[in-house]
Amino acid sequence: MKLSKRLLRLIIFLALSIFSIGLILYLTANRETLKALTSIKGTYLFILAGIWLFAITMDASAIMFFVSGTDEKIRLWNAYKAAAIRIFFNLVTPFSAGGQPVMIYTLSKERIPGGKASSIVIMKLISLAAFNLLGGITAFVFFHEYISDIAALNTAFFIAGIVLFFIITSLIVVLMNPHLIIPFIEKLGIFLHRLKVIKDVKVFHKKVIKEARHARKSFRQYFGHGFGFFLAGTLSSGLMYFAELLMLWIILRGFGVELQFIEGITLSALLFFLLGFMPTPGSAGLGEAIFIVIFAGTVPKYLLGVAVLVWRLFHRYLSGIGGAFFSAGYFTRIIVRDSD
């Protein structure tokens, strides 16, 4: 039995995460680390669990509202599953890019047409990316002194901002003008035909172009009779984003770090702004490194490792575990396949 690419990426992600967090713990942990772990109050863990549940609920709610904006329906529980599956596949793919295509497939299993599913996923991505961009720029402009002495990080923020703005703009342009991607679709069809993934190239072209038109129509609905659902979905994405920022500040406060609320939120915004551009699966390894760079001047050295571990657990691992469980029913053939 051979490992599939997705299972291999999962192993890489776990290996990088374990290695990077283990290395940080090795270099930073001491007796004070153990004391901090044993002294953390259960109240903080309870609050963290509540924030995590609120964040995943807002994620699922955003999906449900954006689905309703296209005149389709999805149950909240199924929206929870779609959100968790997206997080899981983001964790095991480079640049956290795998979750969106898989989520389109997941929504199609809920009898939502492919074109509408595409517009739903893209709108969800745009809304969250917009908050990420706004939060990152706001934090960078008003709290620039925290990173002003790190030239490489300044450059990284500048490049990331340009790239994220370009991605958002490109997604909107493609939704409004699906004919722009027809040449790409034609080449993709030929490529997939050569790989024997599809049988008839012409049928593939017609189907994809049809779904692209549905996607454009669905996108326009958000600014018509579906505008209320668009606002509700966008607000839910914003609340999810804020909950994730708040989560990191609560973790640090739970370890006794005297960090002001505004400072903690803005440093978290700077961190999240860069995470989506990490090429490793789930930003494993590099994400921890960015965390250290941003928080090294604020968090005591002996707490860096455990802070990263707890943050990763509540920010992504818990949801990712749920996504892996739900994926078993949907994607068994994707995760593991038998060799001849």
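The values are calculated or read from the model by the stated rules, or taken from the named source; none is laboratory data. None of the values given here were measured: they were computed from a predicted structure. Note that each Cβ is placed from the backbone with ideal geometry, even for glycine, and that neighbours are counted across all protein chains shown. In case anyone asks, the SASA skips ligands and DNA or RNA and just uses the protein heavy atoms, side chains included. Shrake-Rupley method; radii C 1.70, N 1.55, O 1.52, S 1.80 Å.
Looking at segment 258-273, is at least one residue farther than 26 Å from Ile137 by Cβ, open to solvent by 10 Å² or more (accessible area, probe 1.4 Å) and either in a helix (DSSP H, G or I) or free of Cβ contacts under 8 Å to residues at least 12 places away in the same chain (or both)? Working first, answer last.
Looking only at segment 258-273, we keep the residues that are farther than 26 Å from Ile137 by Cβ, and these are 258.
Checking which are open to solvent by 10 Å² or more (accessible area, probe 1.4 Å) leaves us with 258.
Filter once more, so that each one left must be either in a helix (DSSP H, G or I) or free of Cβ contacts under 8 Å to residues at least 12 places away in the same chain (or both): 258.
Yes: segment 258-273 contains one or more residues that are farther than 26 Å from Ile137 by Cβ, open to solvent by 10 Å² or more (accessible area, probe 1.4 Å) and either in a helix (DSSP H, G or I) or free of Cβ contacts under 8 Å to residues at least 12 places away in the same chain (or both).
Testing Ala49 on (1) within 20 Å of Glu288 (Cβ to Cβ); (2) at pLDDT 65 or above; (3) surrounded by fewer than 19 Cβ atoms within 10 Å (Cβ to Cβ); (4) in contact with a helix residue (DSSP H, G or I) (Cβ under 9 Å, 6 or more places away or on another chain), one condition comes back false. Which one is that?
(1)
Let's see how each residue does on (1) of a type in the set (A, V, I, L, M, F, W, C); (2) within 17 Å of Tyr105 (Cα to Cα); (3) at pLDDT below 85:
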{"position": "Leu7", "(1), (2), (3)": "yes, no, yes"}
{"position": "Ile18", "(1), (2), (3)": "yes, no, yes"}
{"position": "Ile40", "(1), (2), (3)": "yes, no, yes"}
{"position": "Thr43", "(1), (2), (3)": "no, no, no"}
{"position": "Ile56", "(1), (2), (3)": "yes, no, no"}
{"position": "Ile63", "(1), (2), (3)": "yes, yes, no"}
{"position": "Arg86", "(1), (2), (3)": "no, yes, no"}
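Considering each of Gly320, Gly329, Gly282 in turn, give the residue that is open to solvent by less than 10 Å² (accessible area, probe 1.4 Å), modelled with pLDDT under 80 and either within 28 Å of Lys109 (Cβ to Cβ) or not in a helix (DSSP H, G or I) (or both).
Working: Gly320 fails: modelled with pLDDT under 80; Gly329 fails: open to solvent by less than 10 Å² (accessible area, probe 1.4 Å).
Of Gly320, Gly329, Gly282, the one residue that is open to solvent by less than 10 Å² (accessible area, probe 1.4 Å), modelled with pLDDT under 80 and either within 28 Å of Lys109 (Cβ to Cβ) or not in a helix (DSSP H, G or I) (or both) is Gly282.
Could you look through segment 229-241, keep only residues that are in contact (Cβ under 8 Å) with a residue 60 or more places away in the chain and surrounded by fewer than 19 Cβ atoms within 10 Å (Cβ to Cβ), and pick out the one that is nearest to Ser118 (Cα to Cα)? First the steps, then the outcome.
Let us first name the residues in segment 229-241 that are in contact (Cβ under 8 Å) with a residue 60 or more places away in the chain, namely 229-230, 232-234, 236-241.
Subset that is surrounded by fewer than 19 Cβ atoms within 10 Å (Cβ to Cβ): 232, 238-239.
Details: Ala232: 19, Gly238: 20, Leu239: 23 Å.
So the residue we want is Ala232.
Does segment 208-228 hold any residues that are open to solvent by 20 Å² or more (accessible area, probe 1.4 Å) and outside any loop (DSSP other than H, G, I, E, B), and which are they?
Taking segment 208-228 as the starting set, the residues that turn out to be open to solvent by 20 Å² or more (accessible area, probe 1.4 Å) are 208-211, 213-214, 216-217, 220-221, 223-225, 227-228.
Hits for segment 208-228 are Val208, Ile209, Lys210, Glu211, Arg213, His214, Arg216, Lys217, Arg220, Gln221, Phe227, Gly228.
Would a scan of segment 142-162 turn up a residue that is within 21 Å of Val121 (Cβ to Cβ), part of a helix (DSSP H, G or I) and at pLDDT 75 or above? Please lay out each step first, then the result.
Keep residues of segment 142-162 that are within 21 Å of Val121 (Cβ to Cβ), which gives none.
No; the residues of segment 142-162 include none that is within 21 Å of Val121 (Cβ to Cβ), part of a helix (DSSP H, G or I) and at pLDDT 75 or above.
Go through segment 56-78 and give me each residue that's of a type in the set (D, E, K, R) and open to solvent by 50 Å² or more (accessible area, probe 1.4 Å).
The initial filter retains those residues of segment 56-78 that are of a type in the set (D, E, K, R), namely 59, 71-73, 75.
Asp71, Lys73, Arg75, listed by residue number.
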